[in-house]
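Notes for the one structure printed next.
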Amino acid sequence: MSIYWSRAIREIVPYTPGEQPQNKNLIKLNTNENPYPPSQKVLSAMHEAISGDLRLYPDPDCNKVRAAASNLYGIPCDHIFVGNGSDEILAFCFKAFFDPNDVIAFPEITYSFYEVYAKLFNLKCNKIPLTDNFDFEINCFLGLNQGIVLANPNAPTGKLLSIEEIEKIVKNNPSNIVIIDEAYIDFGGKTAIELIKKYGNLLIIQTFSKFRSLAGLRIGLAFGHADLIEGLNKVKNSFNSYTIDRIALAGAEQSLIDNEHCLRNAEKIIQTRDKISKRLKNMGFYVVDSNANFIFMSHPRIEAKRIFNELKSRGIIVRYFEKPKIDNYLRVSIGTDDEMDIFINQIHEILSTTSTS
Ligand SMILES: *Cc1c(COP(=O)(O)O)cnc(C)c1O
């Protein structure tokens, strides 16, 4: 602790990202990265961007990326914002749409960055309870008269809300912004982007880190009414006009153009997920029905923390959250079929060699 720190920084507990180990021999199932690489077209576009033009600043408005997104999603360019990862866009939202001491509502179990941003920007949190099965009770999100942020599918559970349920929440909080974080929407859900044409209080955020296999590039998109997008641009341009570099712009544009590549990989991931979920259930695990590229699982006999440590000692890293209500669960990202076969074999061994204690 330094005497020079602000009060906010003295008090804040930052987000803890999943471990990024240097050892490449580990099977890494802890941060929901895509196990398949981005397409050759994306890589070539980035190689081409490595040129003498790097002496020039990048396009601060990301026009080509927005045009490609506009083309893919059928949304006008002035309804689209490009950010340095969706985390940056979320942070901009907390600044653009809330004042200090405002309340922001989100589920009690969700992406833990929401609470960190709330603290950073001095907002109050209203944590809405979920059912014991981690289901949303939609009625708890109606008429709140508070801004709302929801991950759909939710993290780390994988639970999905339907478009109809999203619309009900947006419609029943007309004076407040509703932010839907669709980080995992392409693994089984249906995006609510269409609804932004009807509701000026809805902002949809997506990331290139999961579905598009570009976690290392740092790109996210937001979709909403032009007034909301202008609000985000005001924050961005009061902070850093060039958040996306030339190489990232080239890769992001090509990823949207070559969307088919991502769809094919998502299809493989969904098949692997459903197969692995079934096998785990047969081994006695409780597995939350997932609509994301991860599963959330718990064993009735062996503690999650113990399984986590056993897996780690066998070269497999998954995610364990030491938090109330979810501290007996593991979140496991879906890897390739080969990786998941090794995972299942190791789980098998752990179950057969671990006695209940
Ligand atoms: C991974 C994730 C993000 C972060 O995405 P980046 O674009 O990599 O910053 C945001 N929200 C949720 C729910 C996520 O799981």
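The values are calculated or read from the model by the stated rules, or taken from the named source; none is laboratory data. Computed from a predicted model, the values in this text were never measured in an experiment. Cβ placement follows ideal geometry from the backbone for every residue including glycine, while neighbour counts extend to all protein chains displayed.
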Scan the range 250-266 and give yes if some residue there is over 20 Å from Glu182 (Cα atoms) and within 16 Å of the ligand (Cβ to nearest atom), otherwise no.
yes
On the given criteria, is Leu123 over 23 Å from Asp245 (Cα atoms), more than 16 Å from the ligand (Cβ to nearest atom) and in contact (Cβ under 8 Å) with a residue 24 or more places away in the chain?
yes
Which of the following residues is part of a loop (DSSP other than H, G, I, E, B) and within 19 Å of Cys93 (Cα to Cα): Pro174, Pro156?
Pro174
Quick one: which residue in Ala192, Ala226, Ala183, Ala250 is touching a His at 6+ places or on another chain (Cβ under 8 Å), among the small types (Gly, Ala, Ser) and assigned by TED's automatic domain parsing to the domain that holds Ala105?
Ala226
If I ask for residues that are buried (at least 22 other Cβ atoms within 10 Å of the Cβ) and either among the polar types (S, T, N, Q) or within 13 Å of the ligand (Cβ to nearest atom) (or both), which ones from the range 95-108 would you list?
Phe106, Pro107
Hand me the list of helices (runs of 4 or more DSSP H) wholly inside the range 50-131 holding 1 or more residues that are more than 14 Å from Ile179 (Cβ to Cβ).
63-73, 113-120
Just one of (1) part of a loop (DSSP other than H, G, I, E, B); (2) modelled with pLDDT under 95 trips up Ser352, so point out which.
(1)
Here's a check for you: in the range 259-284, which residue that is in contact (Cβ under 8 Å) with a residue 60 or more places away in the chain and within 20 Å of Asn328 (Cα to Cα) is surrounded by the most Cβ atoms within 10 Å (Cβ to Cβ)?
Ile276
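When you go through Glu137, Glu115, Glu167 one by one, which is the residue that is surrounded by fewer than 20 Cβ atoms within 10 Å (Cβ to Cβ) and either outside the structural domain of Ile229 (by TED's automatic domain parsing) or within 15 Å of the ligand (Cβ to nearest atom) (or both)? Steps first, answer last, please.
Values: Glu137 fails: either outside the structural domain of Ile229 (by TED's automatic domain parsing) or within 15 Å of the ligand (Cβ to nearest atom) (or both); Glu167 fails: either outside the structural domain of Ile229 (by TED's automatic domain parsing) or within 15 Å of the ligand (Cβ to nearest atom) (or both).
Matching residue, one of Glu137, Glu115, Glu167: Glu115.
Return the only residue of Gly85, Gly74 being more than 16 Å from the ligand (Cβ to nearest atom) and either at positive phi or more than 16 Å from the chain's Cα centre (by Cα) (or both).
Just a single option satisfies the conditions, and that option is Gly74.
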Among the residues of the range 174-211, how many are within 23 Å of Ser112 (Cβ to Cβ), within 16 Å of the ligand (Cβ to nearest atom) and not aliphatic (A, V, I, L, M)?
13
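Can you name the residue in the range 276-302 that is among the hydrophobic types (A, V, I, L, M, F, W, C) and not in a loop (DSSP other than H, G, I, E, B) and, of all such residues, is farthest from the chain's Cα centre (by Cα)?
Applying the filter and picking the extreme gives Leu280.
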What pairs come out if I take residues in the range 211-239 that are in contact (Cβ under 8 Å) with a residue 12 or more places away in the chain and surrounded by 13 or more Cβ atoms within 10 Å (Cβ to Cβ) and pair them with residues that are assigned to a helix (DSSP H, G or I) and of a type in the set (S, T, N, Q) whose C-beta lies under 6 Å away, six or more apart or interchain?
Arg212/Ser255; Gly220/Ser86
